[in-house]
1. Pick from segment 23-74 the residues that are within 27 Å of N199 (Cα to Cα) and among the charged types (D, E, K, R): which of them is surrounded by the fewest Cβ atoms within 10 Å (Cβ to Cβ)?
2. Within segment 122-138, track down each residue that is in contact (Cβ under 8 Å) with a residue 12 or more places away in the chain and within 22 Å of M93 (Cβ to Cβ).
3. For the structure I just gave you, tell me whether E123 is acidic (D, E) and touching a Leu at 6+ places or on another chain (Cβ under 9 Å).
4. If you go through segment 203-239, how many residues are among the hydroxyl-bearing types (S, T, Y) and closer than 19 Å to H38 by Cα?
5. Scan segment 253-272 residue by residue and report those that are surrounded by fewer than 13 Cβ atoms within 10 Å (Cβ to Cβ) and either among the charged types (D, E, K, R) or under 17 Å from L211 (Cβ atoms) (or both).
6. Please determine, by comparing only the residues of segment 212-246 that are surrounded by fewer than 17 Cβ atoms within 10 Å (Cβ to Cβ) and within 16 Å of the chain's Cα centre (by Cα), which one is nearest to L14 (Cα to Cα).
7. Hey, which of the helices (runs of 4 or more DSSP H) in segment 75-139, taking only ones fully inside, have at least 2 residues that are buried (at least 18 other Cβ atoms within 10 Å of the Cβ), β-branched (V, I, T) and at pLDDT 90 or above?
Amino acid sequence: MIPGMLHQSSRSVLEFRNVSFAFDGKPALVDISFQLQHGEMLLLTGESGSGKSVLLRLAIGLLKPDSGQVFVGTREIETLGESELLAIRGGQMGMVFQEESLFTGLTVYENAAYRLEEHGWTEQNIQKAVSEVLRFVGLAGEEEKLPGQLSGGMKRRLEIARALIGWPSIMLFDEPTMSLDPIVAAQVLDLIIRARDINKISSIYVTKKPLEIPYLTNFIAETDGGVVIREAPIDKLPKTRIMVLESGKIVFTGSEAEFENCDLPSVTRMLALEQHDHSADPYFTDPWDKARRAKEKLL
């Protein structure tokens, strides 16, 4: 066997094998093992401080495990040099960070093009890729604006565009709808579903919003004279799995139905946060209501 290689399922695109990581001696992740399969969306949840963001940074090689192994395809991250890691981040993987990470002095076009310029794409290919991805996220025509001229939702869509440029095979989303109002959050989730189902992107999606989970697990994007997002029939449900972290350990892995019936304290606490009365909110109660598009047109 070649050093740094691992026998994996041919459809596994990312694997953690007995991974542990600590900050200043305090465990952040403990003995984490899982595989992300080709075309799968892994919904990663858990309370604050459970290790979700650390896991994503290990997956993309921004951190290296104290013990255990992380594989992207058949390549072990620990064995890769900086140029090889940059190549993975530039082509094979994209990440939308929890915090805003746009370059404030660059235009929309320049922000979207940045990763491709960094990796030596020709100007002609960059223009084509940027035009395609900005249309995908609904920012066509905004190319010359600076981030400061964009709304919060437009900034988030630009961050998604920058991560999706060149259509990587693996996407990592770190709470991409955090701080967004329900309507804009629903639009962002629709973009993510489109990337998953139309572009066949494998992904890890981190969230602390339980209401997002049934939407991402039960709705699909299909081409029907354009891209349409609709509730999936039982035989066409997207390939999804839910994983819960607690104190750096995996305490649950299963389906959305199993998650809803899970009696783990960390899960019941999160679900309880979603039971308060939304009637006084400025937006309709359920942001994943099937009729929300009709309501949006009236706003």
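1. Ranking the qualifying residues of segment 23-74, first place goes to R57.
2. I126, A129, V130, V133, L134, F136, V137
3. On the way: acidic (D, E): yes; touching a Leu at 6+ places or on another chain (Cβ under 9 Å): no.
No; evaluated as a whole, the condition is false for this residue.
4. First, the residues of segment 203-239 that are among the hydroxyl-bearing types (S, T, Y): 203, 205, 207, 215, 217, 223.
Among the residues that remain, those that are also closer than 19 Å to H38 by Cα are: 203, 205, 217.
Total satisfying the criteria: 3.
5. Quick first cut of segment 253-272, residues surrounded by fewer than 13 Cβ atoms within 10 Å (Cβ to Cβ) only: 257-258, 261, 263, 265, 268-269, 272.
Hits for segment 253-272 are A257, E258, N261, D263, T268, R269, A272.
6. At the first step, the residues of segment 212-246 found to be surrounded by fewer than 17 Cβ atoms within 10 Å (Cβ to Cβ) are 214, 218, 222-228, 230-237, 239.
Next, only the ones that are within 16 Å of the chain's Cα centre (by Cα) stay: 214, 239.
Values: P214: 24, K239: 15 Å.
In this case the residue turns out to be K239.
7. Working: elements: 82-87, 108-118, 123-136.
Correct list: 123-136.
Conditions (1) farther than 18 Å from E100 by Cα; (2) touching a Phe, Trp or Tyr at 6+ places or on another chain (Cβ under 6 Å); (3) not in a helix (DSSP H, G or I); (4) not β-branched (V, I, T), marked per residue:
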site	(1), (2), (3), (4)
M154	no, no, no, yes
E159	no, no, no, yes
D190	yes, no, no, yes
R196	yes, no, no, yes
I204	yes, no, yes, no
K208	no, no, yes, yes
Y215	yes, yes, no, yes
R230	yes, no, yes, yes
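The values are calculated or read from the model by the stated rules, or taken from the named source; none is laboratory data. Fair warning: this is a prediction, and the values are worked out from it, not measured in the lab. Glycine gets a Cβ as well: all are built from the backbone with ideal geometry, and neighbour counts include every protein chain shown.
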